[in-house]
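Reading through the structure tokens given below for one structure.
The values are calculated or read from the model by the stated rules, or taken from the named source; none is laboratory data. Nothing here was measured: the structure is a model prediction, and the numbers come from that model. FYI the Cβ positions are ideal-geometry reconstructions off the backbone, even for glycines, and counts take in every protein chain you see. Please note that ligands, DNA and RNA were not included when accessible areas were found on the heavy atoms of the full protein model with its side chains. Shrake-Rupley method; radii C 1.70, N 1.55, O 1.52, S 1.80 Å.
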Amino acid sequence: DPRYNDKKFLIMSPRVPVMNPSPTLDNVEFVNKKRWEFDMIKKCDVVFCNFLKKSTAPGAINELMLMATSGKLVVRCPLDYFNYPTIKVISDSFGFPIFGETANTLDILQYVFSNIPKFSNIQNYGL
């Protein structure tokens, strides 16, 4: 999309492999990774959660709940995701948008630029 040719974005994913993924408090690597993820969520401008149709990970919904009131959450979730009804109830309760699986990155960027206050100025004045 030519509207974004001169724009620069920093997109980070906290999903990195860990040597010992065991979720215990004795696992220093696990604890440090989780703390880092939550620190970065506090610092970021937008949080994009992408629920995959095949995913059955229960932790994703816990993390979604932590961000539900942040005002910076955007979600993509297919209707046939096994826990879509829960995601929909959370979205309706806390007022963040859910895009379906057909939404592409540009659709989501357009939403961010139009609806998240920090970015509405960027749309008006450029980066």
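If only one of Cys49, Cys44 is without any contact (Cβ under 8 Å) to a residue 60 or more places away in the chain, within 23 Å of Val112 (Cβ to Cβ), in contact with an Asp or Glu (Cβ under 8 Å, 6 or more places away or on another chain) and open to solvent by less than 100 Å² (accessible area, probe 1.4 Å), which one is it? Give the derivation first.
Details: Cys44 fails: in contact with an Asp or Glu (Cβ under 8 Å, 6 or more places away or on another chain).
Going through Cys49, Cys44 in turn, the sole match is Cys49.
Name the single residue, out of those in segment 72-83 being among the aliphatic types (A, V, I, L, M) and open to solvent by less than 40 Å² (accessible area, probe 1.4 Å), that is farthest from Pro117 (Cα to Cα). If you could, list the steps in order and put the result at the bottom.
Looking only at segment 72-83, we keep the residues that are among the aliphatic types (A, V, I, L, M), and these are 73-75, 79.
Filter once more, so that each one left must be open to solvent by less than 40 Å² (accessible area, probe 1.4 Å): 73-75.
Details: Leu73: 12, Val74: 13, Val75: 17 Å.
This residue is Val75.
Which residue out of Thr102, Thr86, Thr69 is touching a helix residue (DSSP H, G or I) at 6+ places or on another chain (Cβ under 9 Å) and under 26 Å from Phe113 (Cβ atoms)?
Numbers: Thr102 fails: touching a helix residue (DSSP H, G or I) at 6+ places or on another chain (Cβ under 9 Å); Thr86 fails: under 26 Å from Phe113 (Cβ atoms).
When all the criteria are applied, what remains is Thr69.
Between Phe99, Phe119, which is on the phi < 0 side of the Ramachandran plot, among the hydrophobic types (A, V, I, L, M, F, W, C) and at pLDDT below 90?
Selected residue: Phe119, the only one of Phe99, Phe119 that is on the phi < 0 side of the Ramachandran plot, among the hydrophobic types (A, V, I, L, M, F, W, C) and at pLDDT below 90.
Run down Ser22, Ser91 and say which single residue is outside any loop (DSSP other than H, G, I, E, B) and either of a type in the set (Ser, Thr, Tyr) or open to solvent by 50 Å² or more (accessible area, probe 1.4 Å) (or both). Walk me through it before giving the result.
Working: Ser22 fails: outside any loop (DSSP other than H, G, I, E, B).
On inspection, the qualifying residue turns out to be Ser91.
Within segment 54-64, which residues are open to solvent by less than 100 Å² (accessible area, probe 1.4 Å) and under 13 Å from Pro78 (Cβ atoms)?
Ser55
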